[in-house]
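Peer 1: One structure, pasted below without further comment.
Every number here is computed from the coordinates shown, using simple stated rules; none is lab data. This structure is a prediction, so every number in the text was calculated from the model and none was measured. Cβ: placed from backbone, ideal geometry, glycine included. Neighbour counts: every protein chain shown.
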Amino acid sequence: MAQTVLGNIFLGYQLLWNQLRQPAAVRLFVDADVAVPVDAQHLLAALREQWPEQAPVLLLEIHSVSLLNDILEHGTASDPWVQVPEAWLVSDAALAQRVHQAHHRGLKLVWCGAPGQRPEPAISEIFHKSIINLTAEEALLGLRASLQKHDDQEGGALLKSPVVAGQIYEAIGNRALAEHCLDQQGAWALTGWPVEDVLHGYRQQLIQPGQTAIVRLVEAIDADVALDTIELILSEEPVLAYLFLRYVNSAGLGLRNEVESIRRGLMVLGYSVLKAWLLEQLPHAASDLNLQPVRTTLVTRAHLMEHLLDAGDEDDLRREVYLCGLLSQIDVLLGEPLATSLERLPLPERIQAALLQNDGPYAPYLAIAAALESPNTRATHTLCHEHQIDMEEVNRALLRTLSAMLARPARGLLA
């Protein structure tokens, strides 16, 4: 049954970002069909089996009260963290009792509430973390406190920030407030990322490839590593991958045939020319850590599509599906319509059809990959039913993708 329980639930996910702008945790949205009972013990066993220790923390946000009760009844210290809504806690005495019992068994519990709410002192000790949603007034106070610290103002009373260390903050839509939470106040993580505000700061300039990826590639070339490693590093920097495909197809290189894949481009270019091109990019490379969550989100979607459309031993097909996912939001980083970005590349027809016409064999998997990035798990279920794609296989592909991420500590812990 542990092999089939994943077919009876609907999943979605959200990444939580630490001070290094790396995934500290994955929030897995879990819903179930009321007509099909879900065995909580088998679900926990399936998640333990799929989730290695080196992956980020797994946090369950369960949308079914009955399933949450069952998870609380059986969860232990070795199971994923479990989110408990304040509204359910105060309205359901049986659930509140199970929360206390689960805490005594060592299950890590995470409190969450409405904007402005905090856990009551009487129960705060049973929660490992809290997910705090600031009110508009609290967010403004946080920004003012951040500005005061940034300017090193002396004299006058120091403003006390509403952000406290070690907790999780939700719905932070402002870059400065995100920096205040993570860099100044030591928040454990943020749910989601203020993508729009971060990218708004680049509205007058082109976002360049990440400096770290370019340096890693140059070092890899100098070490004469395998082509697979070079391809992997290059493929996980969306803007660099895009510029590379433009470069290998440019008139200046004079290649006879169009290059439709990163792998083919690396083979025809060679390491020496690649290194020279990378060194040309380095002086203009971006070092803004706040761009890293945007890049990681695109790469995660690409890997998810790769797992959704399992190509088996067909490496070329796998690379094509990955590229489709990687380019699906490249317009966000380039600051222009997607059609404009893609017309500069000689992409395979299947990629063009999926990205521009929502058509072709990749389109259903792209739609599902995008739907999984939301707490609206029913949308994924609807798409799977519409395209006759097995829900269990989708859930397994999602868990394989997310569990392959490596957990990285916050910067303060690296010392």
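Peer 1: Subtract the Cα-Cα distance of H150 and E120 from 0.36 nm times their separation in residues, and report this length gain in nm to one decimal.
Peer 2: My answer for the length gained is 7.6 nm.
Peer 1: Can you give me the long-range amide H partners of L60? Hydrogens built in the peptide plane at 1.01 Å from N, cutoff under 5 Å, separation of 5 or more residues or another chain.
Peer 2: Distant-sequence amide H within range of L60: L28, W81, V82, Q83.
Peer 1: Something else about it: From the helices alone, meaning DSSP H stretches of at least four residues, give me the mean residue ellipticity at 222 nm for the chain, per-run term -39500 (n - 2.57), in deg cm²/dmol to the nearest 500.
Peer 2: Rounded to the nearest 500, it is -14500 deg cm²/dmol.
Peer 1: To make sure I understand the rule: partners must be lysines, Cα under 24 Å from the Cα of K149, and not fewer than 8 residues away in the same chain. Which ones qualify?
Peer 2: Once the sequence-local lysines are set aside, what remains near K149 is K160.
Peer 1: If you don't mind, another one. Extent of segment 150-239 along each principal axis, from alpha carbon coordinates, in Å, largest to smallest?
Peer 2: Between the extreme Cα coordinates on each principal axis of segment 150-239 lie 58, 32, 28 Å.
Peer 1: Would you report the distance distribution of C-alpha pairs in segment 293-334 as whole percents per 10 angstrom bin, up to the bin with the largest distance?
Peer 2: 33, 49, 17, 1
Peer 1: Next question. Go ahead and run the numbers for FRET between L140 and E343, Cβ-Cβ distance against an R0 of 45 Å, rounding to 0.05.
Peer 2: Using R0 = 45 Å, I get an efficiency of 0.55.
Peer 1: Please report, in whole Å³, the volume per residue of the convex hull around the C-alpha atoms of segment 41-157.
Peer 2: 146
Peer 1: List the GluC sites (Glu not before Pro) in segment 253-326 that DSSP assigns to loop (not H, G, I, E or B) and whose Cβ has at most 16 other Cβ atoms within 10 Å. Which are they?
Peer 2: Passing both the DSSP loop test and the Cβ count: E258, E314.
Peer 1: Separate question: What list of ³J(HN,Hα) values in whole Hz, one per residue of segment 25-41 in order, does the Karplus curve 6.51 cos²θ - 1.76 cosθ + 1.60 (θ = phi - 60°) give from phi, with Gly and Pro shown as x?
Peer 2: 7, 10, 8, 9, 7, 10, 10, 9, 6, 4, 7, 10, x, 10, 6, 4, 5
Peer 1: Find, to one decimal place in angstroms, the Kirkwood hydrodynamic radius of segment 1-200, where the mean of 1/r is taken over every pair of different Cα atoms and then inverted.
Peer 2: 18.1
Peer 1: Please find the FRET efficiency linking V34 to D359, where r is the Cβ-Cβ separation and R0 is fixed at 51 Å, and quote it to the nearest 0.05.
Peer 2: 0.90
Peer 1: Quick check: pseudo-label points 7 Å beyond the Cα along Cα→Cβ at R105 and T212, how many nm apart are they?
Peer 2: Distance between label points: 3.7 nm.
Peer 1: Report the semi-axes of the equivalent ellipsoid for the chain in whole Å, largest first, where each axis is √(5λ) for an eigenvalue λ of the Cα gyration tensor.
Peer 2: 38, 29, 18
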